[in-house]
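A.B. asks: My questions will all concern the structure given below.
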Amino acid sequence: VLAVAVLFKQALENTETEEGKSVSLRCELSKADATVVWKKGETALQASAKYEMKQKGTVAELVIHNAEPEDA
């Protein structure tokens, strides 16, 4: 069985927002519905009221609600 590597077609870009607002980070992958794990440093983020993960086809999105300086 030959595994096909999943590559970034569009990588994450730095995004700014105001404290207390929501911010969205997006990337595009070379394979639809590939498993995506969002991390802050070495810590995997879990879906919660703060972090919302979305994925549609090849586009993966992380929405950070109520952004704080610690979210940088």
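A.B. asks: Output the residues belonging to region 8-20 that are without any contact (Cβ under 8 Å) to a residue 24 or more places away in the chain, surrounded by 11 or more Cβ atoms within 10 Å (Cβ to Cβ) and more than 15 Å from Pro69 (Cβ to Cβ). First the steps, then the outcome.
C.D. replies: Taking region 8-20 first, the residues without any contact (Cβ under 8 Å) to a residue 24 or more places away in the chain are 8, 10-16.
Right, trim to surrounded by 11 or more Cβ atoms within 10 Å (Cβ to Cβ) and you get 8, 10, 12, 15.
Phe8, Gln10, Leu12 - these are the residues of region 8-20 that are without any contact (Cβ under 8 Å) to a residue 24 or more places away in the chain, surrounded by 11 or more Cβ atoms within 10 Å (Cβ to Cβ) and more than 15 Å from Pro69 (Cβ to Cβ).
A.B. asks: Turning to a different aspect of this structure: Take the residues in region 21-66 that are of a type in the set (D, E, K, R) and in a strand (DSSP E or B), then tell me which one is least open to solvent (accessible area, probe 1.4 Å). Even if it seems obvious, please write down each step before you answer.
C.D. replies: Our first condition is that a residue be of a type in the set (D, E, K, R); within region 21-66, this holds for 21, 26, 28, 31, 33, 39-40, 42, 50, 52, 54, 56, 61.
Okay, now just the ones that are also in a strand (DSSP E or B), so 26, 28, 39-40, 52, 54, 56, 61.
Numbers: Arg26: 131, Glu28: 50, Lys39: 121, Lys40: 87, Glu52: 69, Lys54: 92, Lys56: 170, Glu61: 28 Å².
Here the residue is Glu61.
The values are calculated or read from the model by the stated rules, or taken from the named source; none is laboratory data. This one's a predicted model, so the numbers in the text were calculated from it and none came from an experiment. Here Cβ is always computed from backbone atoms with ideal geometry, including for glycine, and neighbour counts include all displayed protein chains. These area figures cover heavy atoms from the full protein model, side chains too; ligands, DNA and RNA do not enter into them. Shrake-Rupley method; radii C 1.70, N 1.55, O 1.52, S 1.80 Å.
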